[in-house]
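The values are calculated or read from the model by the stated rules, or taken from the named source; none is laboratory data. As the structure is a computational prediction, the values presented were derived from the model and not from experiment. All Cβ positions, even for glycine, are placed from backbone atoms using ideal geometry, and neighbour counts span all protein chains on display. We work out accessible area using only protein heavy atoms, side chains counted, and drop any ligands, DNA or RNA first. Shrake-Rupley method; radii C 1.70, N 1.55, O 1.52, S 1.80 Å.
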Amino acid sequence: MILELRDIFKDYHQGKMVVPVLKNINFTVAEGEYVAIMGPSGSGKTTLMNLIGCLDKPTKGSFMLDGEDILNCKDAKMSDIRLAKIGFVFQSFNLMPRQSALENVMLPLAYAKIPRKQRKELAKAALERVGLEDRMNFNPTQLSGGQRQRVAIARAIVNHPKILLADEPTGALDTKSGKQVMELFQKLNHEGVTVIMITHDPEIASYAKRKILIRDGEITDPSKKGAEE
């Protein structure tokens, strides 16, 4: 299993009051799976995404990611894991507006201290993989929403991460662009990329091979037990 969450709880403190957000979360994801985590606003799915993405730690429980015990990792190690093993795709793209598509995709490689010439070659290959080889020198303001999201996906996969973690990836797109982006996720998954997608939209979730439903901080999907075995 590439991802294992066992007996996960996450609490936040508001003054002296403890606010439980996640309660006894249990699920696993195998390498190469395509999983949608669904839930309404306030269900805890964003908090869960932050835990999976090593942006936060649970209050208690067991969390293994590709053999790493995340709860025992210090912040610097968490940062290294995020860089090497997780590619993030956000609803709002999070691109640098004054840098070209190519420069945006090169950014994670710079953080990984890859030599500049190699960074350029890898970024070009990633943009070709998402069908934007003819838009490499365009700035985000010159691209459509769907094209910007494809740049963001290229940036997410340029380091060849173990997991592609997408948070409402079509939320800012029109129907046609959203469909193209979801087809791209399917293509990447068929190529072996593990995809975990956070969404509230059943139509978008239908692209995944497995769905996990979270409500009020708890997994309520009736197939949960079978998926864990």
| query | If you go through the range 202-220 one residue at a time, how many are open to solvent by 20 Å² or more (accessible area, probe 1.4 Å) and part of a loop (DSSP other than H, G, I, E, B)? | reply | 5
| Residue list for the range 151-176, restricted to those being in a helix (DSSP H, G or I), at pLDDT below 95 and not β-branched (Val, Ile, Thr) | 176
| task | Tell me which residues, restricted to the range 184-201, are over 20 Å from residue 65 (Cα atoms), in contact (Cβ under 8 Å) with a residue 24 or more places away in the chain and open to solvent by 20 Å² or more (accessible area, probe 1.4 Å). | result | 186, 200, 201
| Condition broken by residue 141, with the remaining ones in (1) open to solvent by less than 40 Å² (accessible area, probe 1.4 Å); (2) in contact (Cβ under 8 Å) with a residue 40 or more places away in the chain satisfied | (1)
| request: Examine the range 46-68 for a residue that is in contact with a Pro (Cβ under 8 Å, 6 or more places away or on another chain) and either over 25 Å from residue 208 (Cβ atoms) or of a type in the set (Ser, Thr, Tyr) (or both), and state whether such a residue exists. | output: no
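Of the residues 36, 76, which single one is at pLDDT 90 or above and touching a helix residue (DSSP H, G or I) at 6+ places or on another chain (Cβ under 6 Å)? Give the steps one after another, and end with the answer.
Details: 76 fails: touching a helix residue (DSSP H, G or I) at 6+ places or on another chain (Cβ under 6 Å).
Going through 36, 76 in turn, just one is at pLDDT 90 or above and touching a helix residue (DSSP H, G or I) at 6+ places or on another chain (Cβ under 6 Å): 36.
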